[in-house]
Every structure is written in C-alpha cells, then in structure tokens.
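Below is one structure, written out as structure tokens; the observations come after it.
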Amino acid sequence: MERREFLQKCIMVVVGASVPVSALTFIDPKKVFAANPDIQWAFLVDTNKCVGCGFCVKACKTENDIPFEAHVSRTWVERYVYTKDDKRYVDSPQAALHGFIDSRIDLGRGEFKEIDPKNVGKAFFVPKLCNHCSSPACTQVCPVGATYKTDDGVVLVDRSWCIGCGYCIMACPYGARFFHPVKHVVDKCTFCYHRLSKGLDSACVNACPFKARRMGNIHDPNDPITQIIMNERVGVLKDEFGTKPQAFYIGLAQEVR
Amino acid sequence: MVEQVAQHAAMVVHGEAWTIKELFTLPNEYIYWSIQIVMYPFMTGLVAGAFVLSSLYHVFGVEKLKEIARFSLVFSFALLPVAMMPLMLHLQQPFRGIHVLMTPHFTSAISAFGIVFLTYASIVATEIWLVYRKYFVETAQGLMAMQNRSNIDSFRMMVFQALTLGAWDISEEAVEKDHKACKIMAGIGIPVACFLHGYAGFIFGSVKANALWMTPLMPVIFICSAVVSGVALCILTYVIVQEIRKYLARSKMARWAREADAPKAEELEAVKHTEVMISSNYLLYFMIAAMTLEILDLIFRGYTQVKSWDILREVIMERDFTKIFILQYTIGNLVPFIMMILPGRTVRRTTIATVLVLFGVFMMRYNVVIGGQAFSLSFSGFMDYHLPIIPHDLETFKEGLFGALTVIATPFILFYFINMFIPAFLKEEEKAPH
C-alpha cells in the first residue's frame, strides 16, 4: 500500500468511526432514561423551630443502621450559646442523639462548662446533615467513582465499590462523611433515598415534631419548600467553597460554620 | 454496665482510637489520615529524590557522582514498591485497592497514581536494565561456561539469562547505544519523578476544605523536600554500605573481597569521601529551596490573615510549636544546615547531618498531614493525635508505630535481595565508557 493511500484510508476510518460516536452524545442514554428529570431534591432547615430534641438523629440512626453507640452520625444538631460577656460556646454531645439533656456545655476530654442562665445572651440549635451540593467536592476526589451524584440531586456512596481511602472525608467542608463502623466503607446522609423513591419523607423529616426539617423538589415552582427558598431570606453553609449546597437554612447566624 | 462498655469498645469508629477531641469538633471529625499517610509522601519523596540524585550523573554527567548514582538508582528501585505499601495499609478495603488502577475516576487527583507510578516504575526498570545489561550478559555467559554448576549457580544462571531479555550483544557499539538510551530515559525520568511527587503534594494542596493544606505551593514544597530526603537517605545508606564493604574488604569475609583485584579498604574510603562531599553540596542547594518555600508559605499565611488564620495560628504557634519550630525547623533543618556549611566538613559530620535532615523531612510530612487535621472544620475545636504504640488489633497495628516501622524496614530488605542480582557496586568502572 502506498503511503498516500494508507493515510487516506486512515482518515476515512477516523471520520467514519467518529460519526456513530457523536451520535451517542445526541442520544445521551443518561438523559433519555432518567426517570424523573424534573426532580431536584433540596433540604430546608428552619433553625428558629429546632429545639434540639434529637429525634431526627435517633430516627436517622435507626432507619439507616448506624449503631447508636458509634460516635458518628449522618445528621446531628449543634447547640450555640452566646454569653453576655461575649463568649461563644458550641457543642453537640454524641451528635445530639439523646437531645440536649445536660444544660452544661460539652468541652470534650470529659470536661463540661456550666453557664449561668442569667449570663446567656442568645442560644439556638442548628441541625446539620449532608448538603448534597450541586458541585460536590467529595464526588470529584473519589479515585474510583464510588461516590456520585444522582440525576435528582442526591449524593450517594456505592458500598460495594468504595476502597476506603478517606479522600472524600477530607474533601467535604461540612464533616458530613465518616467510616461506617461495621461496613468499613464511607457513609453519609442519602436524604433517605430508599424512602424518597417510594414517595415517603426522609426519616429525619418524618421524625421532626416541629417541622424544622423539610424537603422539597426545587425544580417544582409550586412546591411549598421551593416557594420558601425563592421568596424568603435563606442561607447556605460555607458558600465560599463553591460547592453550591442544596440544604438551605432559615435564620442562619453568621457564626455557624 | 460491663456489657455496655464491651459493646462500646467494639464500636470504635475508624480514627477514634487515636484521636482526642477538644472543645467543639463536628461529630464525624477524626484524624482519618494517620501515620501511614505521613509515611506515603515520605517514602515517595525518597524514591523521587534517590532517582534525581542518580540522574545528576546520567543526564548532567557529574562524573564524580558515578558510584553513588548507580547505588541510588538501584536503591530507588528497592524503594518503589514501598511507596505503595502505606496506601495499602491505610485503605479500609485494601483488596479493592486495585480499583484505582483498573477503574480510575479521572476527576480525582489520586486516579493519576496508577499511571504516574507505573510510568515511573517502568522508566526506572528500563534504566537499570540498560545500565546492567552488559553485566547480566557477562554473568550469564560466565555461568553458562562453568563446568559442574551447583544448584544455586544453575538458578542464578536462569535468572541472569532471563534478565538479559535475549539481548546478548555486548559489542562496543551496542553498549554505547545502551548508554545513549540510558541518558534519554534518565532525562525523561526527572520530570516524571518530580510529577510523581508533585502530585502527592497536589493531593493535599487541592483539598479546599482544609485550610492548612490548601496552597498551590504544596506540590513544589513537596518536590523540594522530596529531593532533600532522597539525597540524604542515599548518602546515609551509601556511607553505611561502604562501611560494611570496608569491613568486608579488611576481613576478607565476602566472596568478592577474596578476589585478587578487590578494592582495598583505603580505596573505598577515598571514593566514599569524594562522593559524599559532592552529593552533600546538592543536598544543601535543595535544602535552601525547600526551606525558602516552606517559610514563604508560613509568612504568607501570617501576613494575609484570612479567616482560617486564627485557628491556624493557634495550631502552628502554640499547640504544634515544638513539632514545627523545634523538631522540624531547628533540629531537622537549621542544625544539619549549619553542620554542613561550617568549614572542615567531614564524612562523619555529614552523615549525622543527613540523619537529622531525614528526621526533619519526616517531621515536615507529619506536621502537614497530622497538623492539617489538628483543628476542626468548625474552627472552634482541636484534635490531638496519639500514635498507637502497642497494637491491640489489626487497625492499631497497621496505623501504628509498628506499621510505620514495617514500611521503613521494607526497602532495606528489598535492597538486600535486589543487590544479589543487580549489584549496586560494580568493579568494571574502568572499562565502562560513561
């Protein structure tokens, strides 16, 4: 075969092969087969309503098989106490599994601090969970793609594929991830995806007696949660990381990080 | 109560065994990346540094480094598998570690590991083969010509025959071609070695959630300190091995020492002196670069005082002061630096300095990896790392003192075996044309 002929045939093969490949991008199976392209889950926390009962943590651990006695949790509640002499205390004893039954502040290392109720300036509770970010740092850094974002906006972990390197734990600015004490792979909040897909509320939303936690479809303009997020003043945690969190907070104090 | 305690002990989550929390830390925060992740950049740094030292001779033709260059090449080969070891020991699912090579997820910095590491490994292996091909052929031919071989010699013959890869031509032109190819491989090897380690720095530097790690300087700092540690380890090991050889030469205990043209103890001493003096000059240059960058990073953080500075200042200036300023900068950098620049430098003084340099680089890795996890993401609490010493289960062994010591000891054991077939010290110097 002549060199010229060889090159011509090469070009033909390349062009011919690239046509079907480009057709694949027109008919992206991911888009065609996506079951609910109109759903994008978002979480709404009303910090004004939270009383720190810890029912959400109990419900979450029960629903998702995270042992009660393990010192990790998919969701937790933080207590913020500001004193009149301008001191700030934060704690979350056992992730608030049993609520805040002790008025003293847990300082770690087994130490507790009693605060004079007269000295308290303001105090409030902030529930936290995975923010299911739009551009998550955790899924970006997973070396094997074991953690991923679903089309309806939920970040999940494939337990059968996670190698347990911990890079996603390091990358998450919210501390939402941990190693499952029994499965020995990374674990995190799934928005109770198994319940959502059956049309149920997630366990923590279901357990909250004061509707401090709610979930909605942010792509549906008539959804009451979407209405609140669109019409009221809501904030997100740590927006400086550019992860675009999808958990919105009403009444967020700037000190909450 | 007893059952409760027992149940509680069984439910220790990963990281809890060695983390002590103070003030407010998020419930899921622990020191997840522990001593093995300190070992990982330390060991890859040694690999990359040893290779750079060997390239000084192969690429830039620093003739006087000939012997230590060949030694560091073989030693960097022995270090190679050990760069992977700490990662495997740290994984929660070590049997799935191969996924990183087989199904890499390319948005992750770690996914580059397989490609970079294997490229680098093949470059080092090729270079060693090119340098030693003549030796393999000669040894194999010698063994084949031997009458009534013992079993060991037959086995050695088979290994050497395999090592030649069927390339038996050792005419002058063929060997000259080998040298040329070797030079090219070493030339490609330098950027790849730097990439191998720069990417280890990138893994840390690109974690935006971590205020201490996140800096574009991280890869460069890692490369410089890698070269420092690699050169230091090569000098140290070289001196130790030469001392052993001197002893063997005097006492005629080894097979080679009984041969007629065996090097004398005095000759070995003279060679050692020159090689160590020249390599330690390079060590100094790289130390200056590494220290400048590290201190620049620190000053920049202190000067710009962004949001994270309050907590970083407390970690750097108070909690980890001893580890950073005393152990790392003073004992690990300043003291050996002064020891080496003072006039009348001797081999002994340089050797002690290299031990301190290695310690300093190790402390730098420690302070980066552990120090980066010493404060909470909430910026209102701290975590203290307690290295497990007496292991009480597999996890505290793997990620404890003995796990780390296993990783440190392995390259020397590997070197012992590799050295049987690829001797780091060859006598045929006068014959080889460069």
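The values are calculated or read from the model by the stated rules, or taken from the named source; none is laboratory data. Predicted, not measured: the structure shown is a model, and the values here were computed from it. Neighbour counts are summed over all protein chains in view; Cβ atoms, including those assigned to glycine, are modelled from backbone coordinates with ideal geometry. Calculation scope for accessible area: heavy atoms of the full protein, side chains included, ligands and nucleic acids excluded. Shrake-Rupley method; radii C 1.70, N 1.55, O 1.52, S 1.80 Å.
The GluC sites (Glu not before Pro) of the stretch B:255-304 that DSSP puts in a loop, and whose beta carbon has at most 16 other beta carbons within 10 Å, are B:E259. A simple rule links phi to the HN-Hα coupling: the Karplus curve 6.51 cos²θ - 1.76 cosθ + 1.60 with θ = phi - 60°, which for the stretch B:212-223 gives 7, 7, 5, 7, x, 6, 3, x, 5, 4, 5, 5 Hz, with x for Gly and Pro.
Accessible-area loss of 50 Å² or more (1.4 Å probe, protein heavy atoms, chain alone versus all protein chains) is found in the stretch A:133-163 for A:Q140, A:P143, A:W161, A:I163.
Taking every alpha-carbon pair under 8 Å whose residues sit at least 6 apart, chain A reaches a relative contact order of 25 percent. Here the accessible area of chain A is 57 percent carbon and sulfur, with a 1.4 angstrom probe and all protein chains present. The accessible-area loss of the stretch B:368-415 on complex formation, taken against its chain alone with a 1.4 Å probe, reaches 40 Å² or more at B:L377. Note on the stretch A:106-179 and the stretch B:280-329: Cα centroid distance 29 Å, given to the nearest whole angstrom.
Shown for the stretch B:95-112: residues covered by the partner protein chains by 20 Å² or more of accessible area relative to the chain by itself (probe radius 1.4 Å), namely B:R96, B:H99, B:V100, B:T103, B:H105, B:T107, B:S108, B:I110.
When chain A is treated as a Gaussian network with alpha carbon springs shorter than 10 Å, the biggest mean-square fluctuation among A:S160, A:S202, A:S134 belongs to A:S160. In plain terms, the chain from B:A174 to B:L296 could stretch by 39.0 nm, reckoned as 0.36 nm per residue minus the Cα-Cα distance.
Give me the tail of P(r) for the stretch A:137-187 as a percent: Cα-Cα pairs with distance above 13 Å.
Working: 662 of 1275 pairs.
Roughly 52 percent, rounded to a whole number.
Ratio of Rg to Rh for chain B: 1.01 [Cα atoms; Kirkwood radius as inverse mean 1/r over pairs]. A convex hull fitted around the alpha carbon atoms of the protein assembly as shown yields 223 Å³ per residue. Under 5 Å between amide hydrogens, built in the peptide plane, is the criterion, and for B:W168 it picks out nothing among residues at least 5 positions away or on other chains. Hydrodynamic radius of chain A by the Kirkwood approach over all distinct alpha-carbon pairs: 20.7 Å.
Looking at the stretch A:185-257, the chymotrypsin sites (Phe, Trp or Tyr not before Pro) that sit in a DSSP loop and have at most 15 other Cβ atoms within 10 Å of their own Cβ are A:F210.
Leaving out ligands, DNA and RNA, what percent of the accessible area of the stretch B:20-142 is carbon and sulfur, probe 1.4 Å?
Carbon and sulfur atoms account for 74 percent of the accessible area of the stretch B:20-142.
Among A:C165, A:C133, A:C56, the residue with the largest mean-square fluctuation in a Gaussian network model of chain A, with springs joining Cα atoms closer than 10 Å, is A:C165. Please go through the residue pairs B:K272/B:K323; A:K84/A:K128; A:K61/A:K113; A:K183/B:K323; B:K252/B:K398 and name each one whose alpha carbons sit more than 31 Å apart in this structure. Violating the 31 Å limit, Cα to Cα: B:K272/B:K323; A:K183/B:K323; B:K252/B:K398. Rounded to the nearest whole Hz, the Karplus-based 3J(HN,Hα) values (6.51 cos²θ - 1.76 cosθ + 1.60, θ = phi - 60°) of the stretch A:184-192 follow the sequence 6, 9, 5, 10, 6, 4, 10, 6, 6, with x at glycine and proline.
Counting only protein heavy atoms and rolling a 1.4 Å probe, how much accessible area do B and A lose on contact, total for both sides, in Å² to 100? Can you show the working numbers first?
Numbers: alone 21260 and 14920 Å², together 31970 Å².
Between B and A, the summed buried area is about 4200 Å².
3J(HN,Hα) couplings calculated from phi for the stretch B:248-253 with the Karplus curve 6.51 cos²θ - 1.76 cosθ + 1.60 (θ = phi - 60°) are, in sequence order, 5, 5, 5, 8, 6, 8 Hz; Gly and Pro show x.
In the stretch B:132-214, what chymotrypsin sites (Phe, Trp or Tyr not before Pro) fall in a loop by DSSP, with at most 15 other Cβ atoms inside 10 Å?
Details: sites: B:Y132, B:Y135, B:F136, B:F155, B:F160, B:W168, B:F195, B:Y199, B:F202, B:F204, B:W213; in loops: B:W168, B:W213.
Taking the stretch B:132-214 and a limit of 15 other Cβ atoms within 10 Å, the loop chymotrypsin sites (Phe, Trp or Tyr not before Pro) found are B:W168.
Length available on full extension from A:V182 to A:R233: 0.36 nm per residue minus the Cα-Cα distance, which gives 14.3 nm.
Please work out the average accessible area per residue across the protein assembly as shown, using the 1.4 Å probe convention, and give it in Å². Walk me through the numbers before you get to the answer.
Numbers: 31970 Å² over 691 residues.
Here the residues of the protein assembly as shown average 46 Å² of exposed surface.
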